[in-house]
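Before any comments, here is the structure.
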Amino acid sequence: MRPRFPLATHVSPTDRRLSALVRHLGDSSASSMESQNPNQTISASSTAAFNGDSVFGNIVRAPEDPILGVTVAYNKDPSPTKLNLGVGAYRTEEGKPLVLNVVRRAEQLIVNDRSRVKEYLPIIGLTDFNKLSAKLIFGTDSPAIQENRVTTVQCLSGTGSLRVGAEFLARHYHQRLIYIPQPTWGNHPKIFTVAGLSVKTYRYYDPKTRGLNFQGLLEDLSSAPSGAIVLLHACAHNPTGVDPTIEQWKQIRQLMRSKGLLPFFDSAYQGFASGSLDADAQPVRMFVADGGECLAAQSYAKNMGLYGERVGALSIVCKTEDVASRVESQLKLVIRPMYSSPPIHGASIVATILKDKDMYNEWTVELKAMADRIISMRQQLFDALRARGTPGDWSHIIKQIGMFTFTGLNTEQVAFMTKEYHIYMTSDGRISMAGLSSRTVPLLADAIHAAATRVV
Amino acid sequence: MVISLASASPSASPAMLENLKAQMKLGSSHVMFRKEKANPFIKTQSSGRITMALAVNVSRFEGVTMAPPDPILGVSEAFKADTNDMKLNLGVGAYRTEELQPYVLNVVKKAENRMLERRENKEYLPIEGLAAFNKVTAELLFGADNPIIQQGRVATVQGLSGTGSLRLAAVFIERYFPGAKVLISSPTWGNHKNIFNDSRVPWSEYRYYDPKTVGLDFDGLISDIKAAPEGSFVLLHGCAHNPTGIDPTPEQWEKIADIIQERNHIPFFDVAYQGFASGSLDADASSVRLFAARGLEILVAQSYSKNLGLYAERIGAINVVCSTSDAAARVKSQLKRIARPMYSNPPIHGARIVANVVGDPALFNEWKEEMELMAGRIKNVRQKLFDSLSAKDKSGKDWSFILKQIGMFSFTGLNKTQTDNMTDKWHVYMTKDGRISLAGLSLAKCEYLADAIIDSFHNVS
């Protein structure tokens, strides 16, 4: 896009009016600087503003983010029965955002602690937080941690962790190709591309079964060049909710190791998917257990409800302690010119909870409650569709896991549901189960039934 | 042991390779592959089996070299390791009390308590940040009644303190002004270059510091800005220049604005010390407001790290003043596109604190008082240091630059060897460019520091 630099022009009437206005501003300004120059005249200059032009004239308006745009549309709808199943933030049975009790407790302790200060964190973040995060995902007895082969750096939630990892790989890894599942979270390709990686996809979702296209996945990863990076959703795949079984994970791991493919895990739902922190970390731990290297991006947005605090971590499991130490030093060079050091508040909350036995237990209970409510919504929706005799096999609703369900509804059906029933979801048919309640399940079931029978 | 891949190739002798394999069993930290060769995992034509065996135990990141420590943040680490009683940390720019303790402002504590009482939620902010924060931050910078705000001509996006806001701007420049250069002062904050390098924005320096006068090289500044290609971005420190502490006078600011207008350059302010430099929020914003009043389109990065002591909360903003509200809306939408694949949306905590303090008249006034105290302490320390130097130094050297410079930092004029002497002999930690952070100095330590400086100046070359 060529920049436009305004050229010098003669003084037009507009310019003179603008000059007068600006002089008026200069005289009435409270600034002492202005008053030192009472006779200051500002000549009509050739700069953009005086011509009414802008150096930003060529810049077009960017479209709204597709996922966040759903909530924008929802907010505009005046219907009293409208339902927002768009963005992936947990909601209570009453449809309200939730701050975990244990988080409130931790925050009280932090804010009331007079010895706490707000000094800059190190570039890689809060040390305790990093250690505890690594233990959370890799397991407290992970040999990789004990051998000091893991470098963990605090980052800005999942997005920030993925970005820092991608930048590091683009600079230091010999293979700049990353494979992402089809489909995946909309922000994934953008993060990797802007970091300097090339993006390819591997088959993942099978619309016929509304499950995993395992054959396609194996074929596509088999044909990937040696050393290519592979993005794996650790659990609760977003947007489909379709996860490989443990047996399938074993095969994926074997294939990837035999081809020297580098795993890059995105773990945004540990504990949130099944309700068990350990169970949800199994795929990651399986890879680490074979002694190989991998990257893992962790987010505390959902499982601790810390969405807006932007807390996450990037871990890189390396072959040796020495490599891990060098890798860490290079991660600092990525972070320093991006934001210097990460924000303290969210990380402090996480560290406070993870290091205290009681608070940790309280967290696991609240986490399980959130996961259970979502599983219950799945069951209720499935039962409601069966009760209505809605055509089709809806068992994927209870087979899929995590916050999202890929309904299998097409764009016409989605548009119909929005127009006739005021139900808001992304156009790919993804619904956020976290936005459902026992009260609203019947409404959604009616809408799906109508779409499935009247719109084909 | 460094082995070039050439010697690990099939043409290497079997004995050599056996040796290598034996080494590998001891752990690959003993073996380094030279980085200029490509992938050690690529099979070579013949002895593929051997190179694959080598490949299995080698890290994919084996070629990653150890990066040097950050020049500014590394100083604090060295300070911590020093066990000497007299040690003094004048490295990083974080405010300290007279007792040399970190300081959390009272208004910040009050704001946090209010936030806690209100039991606010932790939902995602919009990509552009907290609306209440964006509103107050633009008003604080430009003045609440500034027409540019009322006309909707300012695009404000919450950023990760100064660094993050500069980074959003840098990426924006690279995308929409490809090939345009950023002119940065010589010297400037060390991280500026890193930010522009990582964003692939070309930069060049304009003269700024004159070591002969320990003041501003104004003619050099004007000359270099004039000589730059038309439409360059000129990075200006709004007040309290880092690292020199030397600011242009109001008259000099006018002339700088003249030359920028003449050359169709775009002013790009870094405002990290509003209120912290002189003690007055309005006075410290006068340079920015002067440019805005001329109707110029401007970029301004803000930070609340120092003036609200919110260092670790990472709260700041990038403001783009446009000639029309339509342009501002479009610019804002593109800044959001830059933020989304970087961190999706910014952190809430610091933004809420700022919104609460700046948006509440009582807290805002209390903040102004605390800021005057902080700025006042620094001025007192400057005075005491100057007095100590003048009293102790018999050479007749003019130390008045200490009083003329403003803000947290002072450029002492010490060279690298002299700086090393400060650290090695006197246990005074500072950055190699001769910069000291007065925020880390107490009245009690002024005499000691004066001794150190005098010794380093006169007895070390």
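The values are calculated or read from the model by the stated rules, or taken from the named source; none is laboratory data. What you see is a predicted model; the values in this text were computed from it and never measured. Because the Cβ atoms are built from the backbone with ideal geometry, glycine has one as well, and the counts that use them run over all protein chains shown.
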Practice task
State whether one or more residues within the range A:124-134 are within 10 Å of chain B (Cβ to nearest Cβ) and modelled with pLDDT under 95.
Solution key: no
Problem - helices (runs of 4 or more DSSP H) completely within the range B:288-392 that count 3 or more residues being more than 30 Å from residue B:440 (Cβ to Cβ) - result: B:325-343
Completion exercise
residue A:378: passes all of (1) within 26 Å of residue A:235 (Cα to Cα); (2) in contact (Cβ under 8 Å) with a residue 60 or more places away in the chain; (3) charged (D, E, K, R) but (2)
Problem - Every residue from the range B:165-209 that is charged (D, E, K, R) and surrounded by fewer than 22 Cβ atoms within 10 Å (Cβ to Cβ) - result: B:174, B:175, B:181, B:193, B:198, B:200, B:205, B:207
Problem - Within the range A:95-121, considering residues that are outside any helix (DSSP H, G or I) and farther than 14 Å from residue A:345 by Cα, the one farthest from the other protein chains (Cβ to nearest Cβ) - result: A:95
Practice task
Considering every residue within the range A:436-448, establish whether at least one is surrounded by 23 or more Cβ atoms within 10 Å (Cβ to Cβ) and within 24 Å of the chain's Cα centre (by Cα).
Solution key: yes
Exercise for the section: Could you please let me know if residue A:216 is small (Gly, Ala, Ser) and surrounded by fewer than 17 Cβ atoms within 10 Å (Cβ to Cβ)? Expected result: yes
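Identify all residues within the range B:309-349 that are among the hydrophobic types (A, V, I, L, M, F, W, C) and more than 7 Å from chain A (Cβ to nearest Cβ); write none if there are none. Spell out the reasoning first.
Start the filter on the range B:309-349 by keeping residues that are among the hydrophobic types (A, V, I, L, M, F, W, C), which leaves B:310, B:312, B:315, B:317-318, B:320-322, B:327-329, B:331, B:335, B:338-339, B:342, B:348.
The answer is B:315, B:317, B:318, B:320, B:321, B:328, B:335, B:338, B:339.
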Practice task
Sort out which residues of the range A:391-413 are in contact (Cβ under 8 Å) with a residue 24 or more places away in the chain, of a type in the set (A, V, I, L, M, F, W, C) and under 19 Å from residue A:369 (Cα atoms), and write them in order of number.
Solution key: A:401, A:403, A:404
Handout entry: residue B:158 being in a helix (DSSP H, G or I) and modelled with pLDDT of 95 or more
Key = no
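Matching residues to (1) touching a Leu at 6+ places or on another chain (Cβ under 9 Å); (2) small (Gly, Ala, Ser); (3) touching a residue at least 60 places away in the same chain (Cβ under 8 Å):
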{"residue": "B:240", "(1), (2), (3)": "no, yes, yes"}
{"residue": "B:243", "(1), (2), (3)": "no, no, yes"}
{"residue": "B:246", "(1), (2), (3)": "yes, no, yes"}
{"residue": "B:274", "(1), (2), (3)": "yes, no, yes"}
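Listed here are the residues, each with its yes/no results for (1) charged (D, E, K, R); (2) at pLDDT below 95; (3) within 25 Å of the chain's Cα centre (by Cα); (4) not assigned by TED's automatic domain parsing to the domain that holds residue A:167.
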site: A:200; (1), (2), (3), (4): yes, no, yes, no
site: A:208; (1), (2), (3), (4): yes, yes, no, no
site: A:212; (1), (2), (3), (4): no, no, yes, no
site: A:216; (1), (2), (3), (4): no, no, no, no
site: A:221; (1), (2), (3), (4): no, no, yes, no
site: A:227; (1), (2), (3), (4): no, no, no, no
site: A:232; (1), (2), (3), (4): no, no, yes, no
site: A:236; (1), (2), (3), (4): no, no, yes, no
site: A:244; (1), (2), (3), (4): no, no, yes, no
Practice task
Pairs only if they're at least six apart or on different chains, beta carbon under 8 angstrom, first in the range A:253-280 and on the phi > 0 side of the Ramachandran plot, second in a loop (DSSP other than H, G, I, E, B); list them, first residue then second.
Solution key: A:260/A:226; A:260/A:227; A:260/B:41; A:271/A:303
Practice task
Considering (1) surrounded by 20 or more Cβ atoms within 10 Å (Cβ to Cβ); (2) away from chain B (no Cβ under 13 Å); (3) assigned to a loop (DSSP other than H, G, I, E, B), say which one residue A:137 fails and leave the rest.
Solution key: (3)
Handout entry: Residues of the range A:84-117 satisfying the condition of being touching a His at 6+ places or on another chain (Cβ under 9 Å) and among the charged types (D, E, K, R)
Key = A:107
Exercise for the section: Could you run through the range A:153-188 and say how many residues are within 28 Å of residue A:212 (Cα to Cα), within 11 Å of chain B (Cβ to nearest Cβ) and basic (Lys, Arg)? Expected result: 1
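Give, as residue ranges, the helices (runs of 4 or more DSSP H) completely inside the range A:290-389 that count at least 3 residues that are surrounded by fewer than 23 Cβ atoms within 10 Å (Cβ to Cβ) and facing chain B (nearest Cβ under 9 Å).
Details: elements: A:321-339, A:344-355, A:357-388.
In the range A:290-389, the matching helices (runs of 4 or more DSSP H) lie at A:321-339.
Would you say residue A:73 is aliphatic (A, V, I, L, M) and within 13 Å of chain B (Cβ to nearest Cβ)? Reasoning before the result, please.
Values: aliphatic (A, V, I, L, M): yes; within 13 Å of chain B (Cβ to nearest Cβ): no.
No, not satisfied.
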Practice task
Would you confirm whether any residue within the range A:177-191 is of a type in the set (A, V, I, L, M, F, W, C) and touching a Pro at 6+ places or on another chain (Cβ under 6 Å)?
Solution key: yes
Fill in the blank from the handout: Of those in the range B:60-81 that are among the hydrophobic types (A, V, I, L, M, F, W, C), under 20 Å from the mean Cα position of the chain (by Cα) and facing another protein chain (nearest Cβ under 10 Å), the residue surrounded by the most Cβ atoms within 10 Å (Cβ to Cβ) is B:72
Exercise for the section: Return the total of residues in the range B:229-246 being surrounded by fewer than 20 Cβ atoms within 10 Å (Cβ to Cβ), in contact with a Lys or Arg (Cβ under 7 Å, 6 or more places away or on another chain) and not acidic (Asp, Glu). Expected result: 1
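Please work out if residue A:118 is surrounded by fewer than 24 Cβ atoms within 10 Å (Cβ to Cβ), closer than 24 Å to residue A:239 by Cα and either touching a helix residue (DSSP H, G or I) at 6+ places or on another chain (Cβ under 6 Å) or not assigned by TED's automatic domain parsing to the domain that holds residue A:285 (or both). Break it down into steps so the answer makes sense when it comes.
On the way: surrounded by fewer than 24 Cβ atoms within 10 Å (Cβ to Cβ): yes; closer than 24 Å to residue A:239 by Cα: no; either touching a helix residue (DSSP H, G or I) at 6+ places or on another chain (Cβ under 6 Å) or not assigned by TED's automatic domain parsing to the domain that holds residue A:285 (or both): yes.
No, not satisfied.
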